[in-house]
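Single-structure report; data block below.
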Amino acid sequence: MTLGNRLAQIKDSVFTGLGIGLLIPCVLLAIVWYLMHRFAFLAKADLLLIGCIAVNAGLMHYFFKLNKDNIGRGIISATFLWAFAFFFYKITQ
């Protein structure tokens, strides 16, 4: 069974989309955060953090294409939460 088939079988729920939209950028952010602190030339590369959140746009498009509208709505909600977190991070920096 391919990954596409497994994703197509996911229950169409807003909470599922919220979980996907929070989890995948979180993993990417952890990797980028490590790289930003490991390599000095990436220390001020906040655009990488936005890129991790922007992955949700691709996920949202994919699930809307599969007619999983509730998952797409959950991913949009998670994107707004991540955007607020990034805004808070930039304000406190």
Q: Being surrounded by fewer than 17 Cβ atoms within 10 Å (Cβ to Cβ) and under 30 Å from Arg6 (Cβ atoms) is the filter; apply it to region 38-54 and report the residue that is modelled with the highest pLDDT.
A: Ala54
(Q) Among the residues of region 63-93, what is the count of those that are open to solvent by less than 80 Å² (accessible area, probe 1.4 Å) and of a type in the set (Phe, Trp, Tyr)? (A) 5
Q: Only residues that are in a helix (DSSP H, G or I), within 19 Å of Ile50 (Cα to Cα) and of a type in the set (S, T, N, Q): list them for region 66-93, please.
A: Ser77, Thr79, Thr92
Q: Considering (1) in a loop (DSSP other than H, G, I, E, B); (2) open to solvent by 60 Å² or more (accessible area, probe 1.4 Å), say which one Trp33 fails and leave the rest.
A: (1)
Q: Working carefully through the options Gly17, Gly58, Gly4, find the one that is modelled with pLDDT under 90, assigned to a helix (DSSP H, G or I) and open to solvent by less than 50 Å² (accessible area, probe 1.4 Å).
A: Gly4
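The values are calculated or read from the model by the stated rules, or taken from the named source; none is laboratory data. Predicted, not measured: the structure shown is a model, and the values here were computed from it. Virtual Cβ from ideal backbone geometry, glycine too; neighbours counted across all protein chains shown. Heads up: the accessible areas ignore ligands, DNA and RNA and are worked out on the full protein's heavy atoms, side chains in. Shrake-Rupley method; radii C 1.70, N 1.55, O 1.52, S 1.80 Å.
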